[in-house]
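Structure first, commentary second.
The values are calculated or read from the model by the stated rules, or taken from the named source; none is laboratory data. Since the model is a prediction, treat every value here as computed from it, not as a measurement. So basically every Cβ, Gly included, is an ideal-geometry build from the backbone, and we count neighbours across all protein chains shown.
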Amino acid sequence: MLTPTGLRYGGVTLPCSIGRAGITCDKREGDQATPAGTHRIAGLLYRPDRIARTMLPRWAQPIGPRDLWCDAPEHAAYNQLVRAPFAASAERLYRADPLYDLILVTDWNYPDSAPHRGSAIFLHQWRRPGFPTAGCIALARRDLIWLAQTVAPGTGLVVRG
């Protein structure tokens, strides 16, 4: 559960950052807000050149330099993992910075997406404590790794506004 002080899981509260525009009940693509509601962990992606496979559960999937996440609302692959070359708008997952070294994918508008309802709502590493995201939930690297080692596909995440 996401609380005003952080993300609470297994009796532990982890400091986190949320979207620049706060929490919303009416999520839209590009609004910079974190969607309220009950979400589930739908996937775990990681950079194998930066995170050791042995640190993660079996269901973790590696990402590489061609991996992108489609954020083009009218495209058939909206809010899905795609690979370059890709003509529509998409966010690069294989970044120079460490923000996406480890990604817990939520089921917000995924896998069956509705256009303009928001894409790429992830749990990922923060830039620094309190620095807002574009709508994701961001945590310290050590906390994100611990969470990835602890949760399972389908684990619930409640975001309250």
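General observations
- Extreme residue, surrounded by the fewest Cβ atoms within 10 Å (Cβ to Cβ), among residues of the range 123-161 that are within 24 Å of residue 11 (Cβ to Cβ) and of a type in the set (Phe, Trp, Tyr): 146
- Residue 14 passes every criterion in (1) surrounded by 15 or more Cβ atoms within 10 Å (Cβ to Cβ); (2) more than 21 Å from residue 155 (Cβ to Cβ) apart from (2).
- Check on residue 69, in a strand (DSSP E or B), of a type outside the set (Asp, Glu) and touching a residue at least 12 places away in the same chain (Cβ under 8 Å): yes
- Within the range 81-111, the residues that satisfy the criterion of being assigned to a loop (DSSP other than H, G, I, E, B) and among the aliphatic types (A, V, I, L, M) are 84, 87, 88, 93, 96, 99.
- Some residue of the range 18-34 being of a type in the set (Gly, Ala, Ser), surrounded by 18 or more Cβ atoms within 10 Å (Cβ to Cβ), part of a loop (DSSP other than H, G, I, E, B) and in contact with a Leu (Cβ under 8 Å, 6 or more places away or on another chain): no
- Residues of the range 123-137 that are touching a Pro at 6+ places or on another chain (Cβ under 8 Å), part of a loop (DSSP other than H, G, I, E, B) and either hydroxyl-bearing (Ser, Thr, Tyr) or at pLDDT 95 or above (or both): 135 alone.
- Flag if residue 96 is surrounded by fewer than 13 Cβ atoms within 10 Å (Cβ to Cβ) and without any contact (Cβ under 8 Å) to a residue 12 or more places away in the chain: yes
- Of the criteria (1) in a loop (DSSP other than H, G, I, E, B); (2) surrounded by fewer than 20 Cβ atoms within 10 Å (Cβ to Cβ); (3) in contact (Cβ under 8 Å) with a residue 12 or more places away in the chain, which one residue 120 fails: (2)
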